[in-house]
1. Starting with the fewest neighbours, write out 37, 48, 17 ranked by other beta-carbon atoms found within 10 Å of each beta-carbon.
2. Work out how much length residue 29 to residue 84 would gain on full extension: take 0.36 nm times their residue separation and subtract the Cα-Cα distance, in nm to one decimal.
3. For the stretch 1-67, what is the per residue volume of the convex hull drawn over the alpha-carbon atoms, in cubic angstrom?
4. Would you mind computing, in nm to one decimal, how far apart the modelled labels at residue 70 and residue 94 are, each placed 7 Å from Cα along Cα→Cβ?
5. To the nearest 20 debye, what charge dipole does the stretch 8-102 have about its Cα centre, counting +1 at the Cβ of each Lys and Arg and -1 at the Cβ of each Asp and Glu?
6. Mind checking which of 97, 68, 14 is farthest towards the positive end of the stretch 8-102's charge dipole, using Cβ charges of +1 (Lys, Arg) and -1 (Asp, Glu) about the Cα centre?
7. Does anyone have the angle between helix 50-60 and the longest principal axis of the chain? Alpha-carbon axes, 0 to 90°, nearest 10?
Amino acid sequence: MPWPETQAVGGWWNRQFNPEIDLVGADHSPVATRIHFTGTIKWLATPFDHHDLTAHHAAATQIPGHVPATTGTVIVSLSGISNTIDARGVEVVWGPADITEAWQ
């Protein structure tokens, strides 16, 4: 991971559960002073696409401490990412093999 200073990983949602962010990497918990990355998990039979990325970026801006210019993005997808996606600004893409490898 490109954020070695990350000490806590969890999720985030507001009181309406909309949006719901699957992954948030922070400097510590329960109250972070710096958000290093946000991420989304799409465990579907279709690739992660531009619409998914756009929705994630829009939702992530609601997290207190999220800074669009410096907060990274992580995508976890069962079916990879679409070849039409503009993945600039996406630092990490994990698939099933990456998840399995992380537990070994």
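1. Arranged by neighbour count, lowest to highest, 37, 48, 17 become 17, 37, 48.
2. My answer for the length gained is 16.2 nm.
3. Residue-normalised Cα hull volume stands at 103 Å³.
4. So the label points at residue 70 and residue 94 sit 2.4 nm apart.
5. 240
6. Of the candidates, 14 comes out farthest on the positive side.
7. 10
Every read-out reported here was derived from the displayed coordinates using simple, explicitly stated rules and does not represent laboratory data. Because the structure is predicted, anything quoted here is derived from the model rather than measured. Cβ atoms come from the backbone with ideal geometry, glycine included; neighbour counts cover every protein chain shown.
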